[in-house]
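Working notes for the structure below.
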Amino acid sequence: MAKKYYVTTPIYYPNDIPHIGHAYTTIAADVIARWQKLQGKEVFFLTGTDDHGKKIAQAAEKAKLSPKEFTDQLIPKFKDAWKKLNIQYDRFIRTTDPDHEKIVQEILQKVFDNGDIYKGEYEGLYCTGCEAYYTEKDLEDGCCPIHKTKIEKLKEETYFFKLSKYQKPLLDLYKKNPTFISPKHRKQEIINRVKEGLKDLSVSRAGFDWGVPLPFDKDHVSYVWFDALFNYYSATREKSKQKFWPADVHLIGKDILWFHTVYWPAFLLSAGIDIPKTVFAHGWWTFNNEKISKSRGKVINVDELIAIAGVDSARYFLLREASFGEDGDFSEDALIERHNNELANKLGNLVSRTSALAEKYGITKTDKKLLKKLKLKEIEKNLEEFRTDKALNEIFAFIDVCNEYIQDKKPWETKDKKVLNELVEAIREIARLLSPFIPESAEKISEIFKSDNIKKAPILFQKVEDK
Ligand code: MSP
């Protein structure tokens, strides 16, 4: 039986069309999913949308639509964006899907029955943008530390989840599974905060109906994060998908690490469900060194991203420019530069020169000496541990080696079929390794070098003029 692999993205709030931040996690998940498939694994790749909650209800109201109509209208924009970016997900889940709502209710009931949910009253500071409560000390000038917007004071009857009870089990989990919170440098902050103590968490809202009703009190709906996090699990409840639980990795942005490494495992522990292996948080993109912000026009959506230099170059840029796990700065110039220098010059030239010479002089079998210079083990390890940028660096270091090899051996003078064969074998492997990152171009390269009867390649990456 093939080994299995389960990778997820966050489910995005469908309150606007997807932008580069959403695209980033989704592309990264697609790369990981494609890579794991290349390793022969049976892969389940889940993405979707987080349709419930106050944030969506408010956006819908502003658009003068019901929340359902409002989200129904935005979901195709997400699906369309993922299609354009060549994302091969297996399921697009919405928290309004009946199978998901049913599972959330079953779990709420279970957690209620085992005594981890109780009724109380809550008075607190709520940020609708985050769908989260804050304490006075979290605030910056009375505003949300993430959104910099005013915070609402809320007082209401609510059901609490006994998060405080899970402090020790969570600390044990972090110890027992050192890669649960990844990358490493983000771990200590979470551990420190958990050590400071955990307050019970309000997990229901009354007087508000855009959510999953609590099965034991229909006047309340489930807190949006309780509902949302369980998407990862509910997508694996149909028979053919059950084997995929627990997930191998939840890829997320650093801003939602707390929800995924504290609330999520605590809910799972309470419900008696296995804990996923890894939650990996990537960094944030700025746009020309400024925070991405719709209100200030500093936002780049998926169509704009693709328009710069094509789909593959956008995918390539995002995964090479920033170290995965760290912040990065996006600029059109930087993307164009990588497109021109790395994809068009380095990779494109290697492919076009080699194919032209192979067409002219032919190739003969050799012992693949050039390929031995490829650091395959390192590339594999980097990809297993989500260092996509490091993997690309190694692949491109090898492309440099191949270009130097041509320069050195001058097959256009020597007409050496063995040298050309070395290059052809190397390019076949490069195409395989690049296929998760730039699937369309890699497929074209593989096609060109598929048989030993090679024809000169057309131009793969047209250079883009700097603006
Ligand atoms: N709905 C929740 C997630 C629930 S998962 C059970 C949510 N949605 S979101 O649409 O606001 O954000 C989704 C992801 O986009 C987050 O991982 C966030 O980090 C990412 N990004 C949003 N802006 C970003 C950048 N500027 N750069 C990189 N990623 C960013 O949170």
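Laid out as a table, the results:
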{"read-out": "Considering only region 4-282, percent of DSSP beta bridges that pair antiparallel, nearest 5", "value": "50 percent"}
{"read-out": "Net charge over other residues, Cβ less than 14 angstrom from the Cβ of K155 (K, R count +1; D, E count -1)", "value": "-3"}
{"read-out": "Order by protection proxy (mean Cβ within 10 Å, highest first), peptides 204-215, 140-151, 174-185, 280-291", "value": "204-215, 280-291, 174-185, 140-151"}
{"read-out": "Cα-centre dipole for region 332-448 with unit charges at Cβ (Lys and Arg positive, Asp and Glu negative), debye to 20", "value": "700 debye"}
{"read-out": "Per-residue ³J(HN,Hα) for region 92-109, Karplus 6.51 cos²θ - 1.76 cosθ + 1.60, θ = phi - 60°, Hz, x for Gly and Pro", "value": "10, 9, 10, 5, 8, 4, x, 5, 5, 4, 5, 4, 4, 5, 4, 6, 4, 4"}
{"read-out": "Ordering of 333-343, 450-460 by packing [mean C-beta count within 10 Å, highest first]", "value": "333-343, 450-460"}
{"read-out": "Dipole moment magnitude, nearest 20 debye, region 109-258 about Cα centre, only Lys, Arg, Asp, Glu C-beta charged", "value": "880 debye"}
{"read-out": "Reachable lysines, given that their alpha-carbon falls under 18 Å from the alpha-carbon of K165 and they are not under 8 places away in the same chain", "value": "K110, K119, K175, K195, K199"}
{"read-out": "Restraint check, K373/K410; K365/K410; K254/K294; K77/K218, Cα-Cα greater than 24 Å", "value": "K77/K218"}
{"read-out": "Qualifying aspartates and glutamates (Cα of each under 16 Å from Cα of K277; at least 8 residues distant if same chain)", "value": "D172, D248, E384, E385"}
{"read-out": "Ascending count of other beta-carbon atoms within 10 Å, so fewest first, for T96, T388", "value": "T96, T388"}
{"read-out": "Inter-label distance for L65 and E290, nm, one decimal - labels placed 7 Å from Cα along Cα-to-Cβ", "value": "2.9 nm"}
{"read-out": "Order of V31, V262 - criterion: other Cβ atoms within 10 Å of each residue's Cβ, fewest first", "value": "V262, V31"}
{"read-out": "Any cysteine of the chain lacking a neighbouring Cys Cβ under 4.7 Å - listed by number", "value": "C143, C402"}
{"read-out": "Environment charge at K84 (Cβ cut-off 13 Å; Lys +1, Arg +1, Asp -1, Glu -1)", "value": "-2"}
{"read-out": "Note, ³J(HN,Hα) from phi for region 302-308, Karplus 6.51, -1.76, 1.60, rounded to Hz, x at Gly and Pro", "value": "5, 5, 5, 4, 5, 5, 5"}
{"read-out": "Neighbour-count order for L154, L374, fewest beta carbons within 10 angstrom listed first", "value": "L154, L374"}
{"read-out": "With Cα atoms, 0 to 90° folded angle of helix 67-84 axis to the chain main axis", "value": "20 degrees"}
{"read-out": "Residue-span extension gain [D172 to K450] - 0.36 nm each, minus C-alpha spacing", "value": "95.0 nm"}
{"read-out": "Cross-link partners of K54 among aspartates and glutamates (Cα-Cα below 14 Å; sequence separation of 8 or more within a chain)", "value": "E131, E152, D209, D227"}
{"read-out": "Summed residue charge, Cβ within 10 Å of L46's Cβ, Lys/Arg positive, Asp/Glu negative", "value": "+1"}
{"read-out": "Helix-derived mean residue ellipticity, 222 nm - over the chain, DSSP H n ≥ 4, -39500 (n - 2.57), to 500", "value": "-13000 deg cm²/dmol"}
{"read-out": "The chain, dipole about Cα centre (Lys/Arg Cβ +1, Asp/Glu Cβ -1), debye to the nearest 20", "value": "1620 debye"}
{"read-out": "For the chain, alpha-carbon Rg relative to the globular expectation (2.2 N^0.38 Å, N residues)", "value": "1.09"}
{"read-out": "Cross-link table K3/K346; K62/K298; K184/K372; K360/K463; K68/K102, entries beyond 28 Å C-alpha to C-alpha", "value": "K3/K346; K184/K372"}
{"read-out": "Radius of gyration and Dmax over the Cα atoms of region 397-467, both given in Å", "value": "13.4, 42"}
{"read-out": "Of K377/K444; K243/K375; K37/K418; K84/K417, those spanning more than 28 Å from alpha-carbon to alpha-carbon", "value": "K243/K375; K37/K418; K84/K417"}
{"read-out": "Amide H contacts of I146 (H built 1.01 Å from N, under 5 Å, at least 5 apart or other chain)", "value": "none"}
{"read-out": "Dipole of the chain, positive end: most advanced residue of G124, S313, G211 [Cβ charges, Cα centre]", "value": "S313"}
{"read-out": "Average projected area [Cα convex hull, region 333-423], square nanometres", "value": "6.5 nm²"}
{"read-out": "Under 5 Å, built H, 5+ apart or other chain: amide partners of H282", "value": "I252, G253, K254"}
{"read-out": "Placed amide H near I93: partners under 5 Å, 5+ positions off or other chain", "value": "T47, G48, T49"}
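All of the numbers you see were taken from the coordinates with simple rules; none came from a lab. What you see is a predicted model, and the numbers here were worked out from it, not measured in a lab. Every residue, glycine as well, gets a Cβ built from its backbone with ideal geometry; the counts of neighbours run over all protein chains shown.
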